[in-house]
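Novice: Before we start, here is the structure in question, set down as structure tokens.
The values are calculated or read from the model by the stated rules, or taken from the named source; none is laboratory data. Fair warning: this is a prediction, and the values are worked out from it, not measured in the lab. Note: ideal-geometry Cβ built from the backbone for every residue, glycine included; neighbour counts use all protein chains shown.
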Amino acid sequence: MATVFLGTSQFAAAILDRLARSEAHRPALVVTRPDRPRGRGRRPTPPPVAEHAKELGIPLQQPQSVNDPDARASIALAAGSQGEPAGGDGPADGEPLTIVVCAFGALIKEPLLSEHMILNVHPSLLPRWRGAAPVERAIMAGDRETGVSIMRLTAGLDSGPVCLAASEPIRPDDTYGSLSTRLQELGGELILRALEDAPPFVEQPADGVTYAEKIAPADRLLDPSRPATELERVVRALHPHVRAQVELPGGAMLGVHRAAALEDPSNSAERGLHAGGDRLLLGCSEGTLELLVVQPPGGRPMDASAYLRGHELPGRR
């Protein structure tokens, strides 16, 4: 069976690596998104999957749209449908093709949807957390477990039938980084099992559907009108790839990498960002969030005590 991989993010790059290390399912082609401007200089930067495909020596394409005729033809060619001879550098003529998708970040439409079997590696226990940010939303919501589902891609948003799923506990100290690492390993195992064993598909239940919306700027802001326990989960859910933020006096944004919720009611007397000795505190509607590792605008991450030595905030003694 020939395999083509569609993905973009660092999470997807880990799934690509697992496929590439398998003898039977090393992708014949990788398709990812075009380079995008990033950073202060807005230089065109390839997505993680593009960089990893080059390192692995796998043919790579970055079309403007995977649904364009040229892109679809390239995918079909990977299966030998354009006459690749048996024993050549690619799959034998007419060899069945499976497309594996993980965090591709663009809509896949007809007729591509119907031209091949398309399996999606989705990091949640579907139908919970369909959509773009399932790992982040699971941590933010305080879920005790999540997992990975292997589903057949359909026109609906992550609503296709599922052939395999496995759960993974969410630990109290999990960040996106720690949890996603375990989910990558689990996803790699499941997609190889799906490709090898072709388990039957089961439609998702109608009950329990939730949607993991893409992380927006408002999701990053630590709003003191919310409870400290909720904001602590936000910090963990966005570390290290997005980063939560708190607004400083004057309107600048201070990045927050690590924080702890303090439940002592006496800590919540002063609402908003303030200093308590050498501690950087955010008084919330319930409790106080202690900011432990922060990143000033244009600077590097540092302990909050180091930040306070160079910045004045209300309440410092």
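Novice: When you scan segment 1-84 for strands (runs of 3 or more DSSP E) that lie fully inside it, which ones turn up with 3 or more residues that are in contact (Cβ under 8 Å) with a residue 12 or more places away in the chain? Explain how you work it out, then say what you get.
Specialist: Numbers: elements: 2-7, 29-31, 36-38, 43-45.
Once the strands (runs of 3 or more DSSP E) in segment 1-84 are filtered for at least 3 residues that are in contact (Cβ under 8 Å) with a residue 12 or more places away in the chain, what remains is 2-7, 29-31.
Novice: Out of everything in segment 92-121 that is assigned to a strand (DSSP E or B) and of a type outside the set (A, V, I, L, M, F, W, C), what residue ends up being farthest from the chain's Cα centre (by Cα)?
Specialist: Per the stated criteria, the residue is Thr98.
Residue-by-condition table, conditions (1) modelled with pLDDT under 95; (2) within 20 Å of Met140 (Cβ to Cβ); (3) outside the structural domain of Ala132 (by TED's automatic domain parsing); (4) outside any strand (DSSP E or B):
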| position | (1), (2), (3), (4) |
| --- | --- |
| His239 | no, yes, yes, yes |
| Gln245 | no, yes, yes, no |
| Val293 | no, yes, yes, no |
| Arg316 | yes, no, yes, yes |
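Novice: Another one. Counting only residues that are at pLDDT below 95 and out of contact with any helix residue (DSSP H, G or I) (no Cβ under 8 Å at 6 or more places or on another chain), how many does segment 2-38 have?
Specialist: 4
Novice: Looking at segment 31-53, which of its residues are polar (S, T, N, Q) and farther than 10 Å from Ala12 by Cβ?
Specialist: Thr45
Novice: Still on this structure: From the list Ala166, Ala194, which residue is over 15 Å from Ala212 (Cα atoms), touching a residue at least 60 places away in the same chain (Cβ under 8 Å) and more than 12 Å from the chain's Cα centre (by Cα)?
Specialist: Working: Ala166 fails: touching a residue at least 60 places away in the same chain (Cβ under 8 Å).
From the options Ala166, Ala194, the qualifying one is Ala194.
Novice: Would you list the helices (runs of 4 or more DSSP H) that sit entirely within segment 122-222 and hold 2 or more residues that are β-branched (Val, Ile, Thr) and either closer than 19 Å to Val235 by Cα or in contact with a helix residue (DSSP H, G or I) (Cβ under 6 Å, 6 or more places away or on another chain) (or both)?
Specialist: In segment 122-222, 134-140 are the helices (runs of 4 or more DSSP H) which contain 2 or more residues that are β-branched (Val, Ile, Thr) and either closer than 19 Å to Val235 by Cα or in contact with a helix residue (DSSP H, G or I) (Cβ under 6 Å, 6 or more places away or on another chain) (or both).
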